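J.: Please see the structure below; I have some questions.
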Amino acid sequence: MSGLKKEEVARYSRQLLLPEIGVDGQLKLKSSSVLIVGCGGLGCPCAIYLAAAGVGKIGLVDHDKVELSNLHRQILHTESRVGTSKAASVKESLNQLNSNLSITIYDTKFDQTNAIDIVKEYDVIVDATDNAPTRYLINDAAVINNKPLVSGAALRFEGQLTVYHYDSKTPCYRCLFPKPPPPGTVTNCSDGGVLGVIPGIIGSLQSLEVIKMITGLGTSYAGKMLLYDGLTGSIRNVKLREKCSNCAVCGDSPTIDGQLIDYEQFCGTPMCDDGKILKILTPEERITCQEYKETIVDTNTPHLLIDVRSSLQASIVKLPNAINLPLDVINRPNGLDSIKELIDSKKVDKVFFMCRRGNASQKACRLVKDNLVNCHLIQFKDIIGGITAWAKEIDQQIPIY
Ligand SMILES: [Zn+2]
C-alpha cells in the first residue's frame, strides 16, 4: 500500500495525479504542520485550502470574536457564529470540509509570553494578521525557532505576499523594516476598508506558498514580494533587500535571542485592530454620550455638534443634529474660518466634536481651542467614544461600522 488510506486516495486523487505531488507529496502534506496566526480575511482562505489539501496538523491563533462586519471577507465564519471565538469558528468550518485533520486552536492573546512556545510546534508559520506589533512578534518568534514565515497583507483593492526567513540566507521582516512605522501612520482594514475578495486572493496565495514549501515545489517568494492591484489586475514581483547582517533578530549578533520584547511598546501601538484611544484632552474637555444627551440634547441647550469624520463615513451614519466638517478640512489653512462662521451664525457658546471612536474629535477640539481667536467664552468639548459609543450606549438603532 502507498501509505495513504483508501479514503485519502479518493479525497486527494486530483492532487495525487499531479506528478509533482504524487503519493510522496501527499504524505509530506499529511505529516506537516502549519500555524496560522489570525483567523480573519487572510487566515480563512489560507486555512481552508490547507485543510482541503490535507495538511495534517493546523494551528489557529486568534483571540477575537466573530463580528457581523467580518463576514464580507472572513468567509469561514457564519451569521450564527457572530459573538463566538474566531479560532473555534474556523476550526468548525475546517472540520466540516476535512475531518481527518488535527486542528489546535489558540483562543488566547498571542504575545511575547507564549509566541515562541506555540510557533515551536509547527513546520511553517503563516502571518495572517494586520498590525505592526504582531508582525514583529511573529517574525521574531519564527526566526528564533528557525521556521519559514509566509506573510500576506491586504488593504482596499491591493495586496502583498512574501516569504520571510525561508532559510538562514534570506531576509526576515525585521531585515527590511528594522524600525516600526510611526504610530498612527498605518491604516488597517478597520479604518481604510477592504474589498473582501482581495484578502481572499492573497490568503489563497499564502496557502499555495505553504504547499509548495512542504512539497518542495517551484520557487518560493523568499527575497521578493508580490504586489497585487485588484483594480488594474496588475501583479508585479519586486526584489527585496538582502538579509541584513546587523538585523536585531537574524543578524550576526542578534539582540533579540530567546527572549522576546514588548511589541506594543516597541511599535507604540496596540495589537488589537481597534486602534489606540488617544489622550489628547483633559477630562474636563471631554463629555460622555450619556452626559451630552442628558444635559445638552434633552434640555434643548443651544449648541453646535461638529462631526469631524470624512464625508464618506458621515454618509454611512450620522446624528441628525450633527454638521459634518471633516478633520482634514478643519486642518486646512483657513479651515478654522468655517467653524467661526458656524459659531457666529448659530450664536452658540457650546461646541461639541464627534468622530467614529473619539480620537479625531480630540484632535479637532485641541486644534480649535488652541488656534481659534476670540473664543475664550466658548466651551469646546469632544464626545468620548464618538458615534460608536453613541450607538452602543444611547441609540441601539444606529449601525456600528
Ligand atoms: Zn532579519
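The values are calculated or read from the model by the stated rules, or taken from the named source; none is laboratory data. Fair warning: this is a prediction, and the values are worked out from it, not measured in the lab. Cβ: placed from backbone, ideal geometry, glycine included. Neighbour counts: every protein chain shown. With ligands, DNA and RNA removed, areas are computed over all heavy atoms of the protein, side chains included. Shrake-Rupley method; radii C 1.70, N 1.55, O 1.52, S 1.80 Å.
J.: Can you name the condition, by its number, that TYR292 falls short on among (1) assigned by TED's automatic domain parsing to the domain that holds ASN331; (2) within 29 Å of the chain's Cα centre (by Cα)?
T.: The single condition TYR292 does not satisfy is (2).
J.: Any residue in region 326-333 that is surrounded by 18 or more Cβ atoms within 10 Å (Cβ to Cβ) and part of a loop (DSSP other than H, G, I, E, B)? Talk me through it step by step, then tell me what you get.
T.: Just the residues of region 326-333 that are surrounded by 18 or more Cβ atoms within 10 Å (Cβ to Cβ), to begin with: 326-327, 330.
Then drop every residue that is not part of a loop (DSSP other than H, G, I, E, B), which leaves 326.
Yes, region 326-333 has at least one match.
J.: Shifting gears a bit: In the set ILE261, ILE287, which member is among the aliphatic types (A, V, I, L, M) and away from the ligand (no atom under 16 Å from the Cβ)?
T.: Only one candidate qualifies: ILE287.
J.: Look at LYS86 and say whether it is surrounded by fewer than 17 Cβ atoms within 10 Å (Cβ to Cβ) and among the charged types (D, E, K, R).
T.: Answer is no for this residue.
J.: With within 16 Å of the ligand (Cβ to nearest atom) and either outside the structural domain of ASN131 (by TED's automatic domain parsing) or within 30 Å of CYS39 (Cβ to Cβ) (or both) as the only criterion, which of VAL308, VAL238, VAL249 stands out?
T.: That would be VAL249, the only listed residue that is within 16 Å of the ligand (Cβ to nearest atom) and either outside the structural domain of ASN131 (by TED's automatic domain parsing) or within 30 Å of CYS39 (Cβ to Cβ) (or both).
J.: In this structure, does VAL126 turn out to be assigned by TED's automatic domain parsing to the domain that holds ARG174, open to solvent by less than 10 Å² (accessible area, probe 1.4 Å) and either on the phi < 0 side of the Ramachandran plot or modelled with pLDDT of 95 or more (or both)?
T.: Spelling it out, VAL126 is indeed assigned by TED's automatic domain parsing to the domain that holds ARG174, open to solvent by less than 10 Å² (accessible area, probe 1.4 Å) and either on the phi < 0 side of the Ramachandran plot or modelled with pLDDT of 95 or more (or both).
J.: Something else: So, of the residues in region 347-393 that are assigned to a loop (DSSP other than H, G, I, E, B) and either more than 17 Å from ILE287 (Cβ to Cβ) or not assigned by TED's automatic domain parsing to the domain that holds ALA314 (or both), which turns out to be modelled with the highest pLDDT?
T.: Among those residues, the one meeting the criterion is LYS347.
J.: Sticking with this structure for a sec: Is there a residue in region 158-167 that is away from the ligand (no atom under 13 Å from the Cβ), open to solvent by less than 30 Å² (accessible area, probe 1.4 Å) and either among the small types (Gly, Ala, Ser) or out of contact with any strand residue (DSSP E or B) (no Cβ under 9 Å at 6 or more places or on another chain) (or both)?
T.: yes
J.: In region 170-192, how many residues are within 11 Å of the ligand (Cβ to nearest atom) and open to solvent by 20 Å² or more (accessible area, probe 1.4 Å)?
T.: Here the count works out to 4.
J.: Evaluate region 5-22: report whether one residue or more is buried (at least 18 other Cβ atoms within 10 Å of the Cβ) and under 26 Å from ASP62 (Cα atoms).
T.: No: region 5-22 contains no residue that is buried (at least 18 other Cβ atoms within 10 Å of the Cβ) and under 26 Å from ASP62 (Cα atoms).
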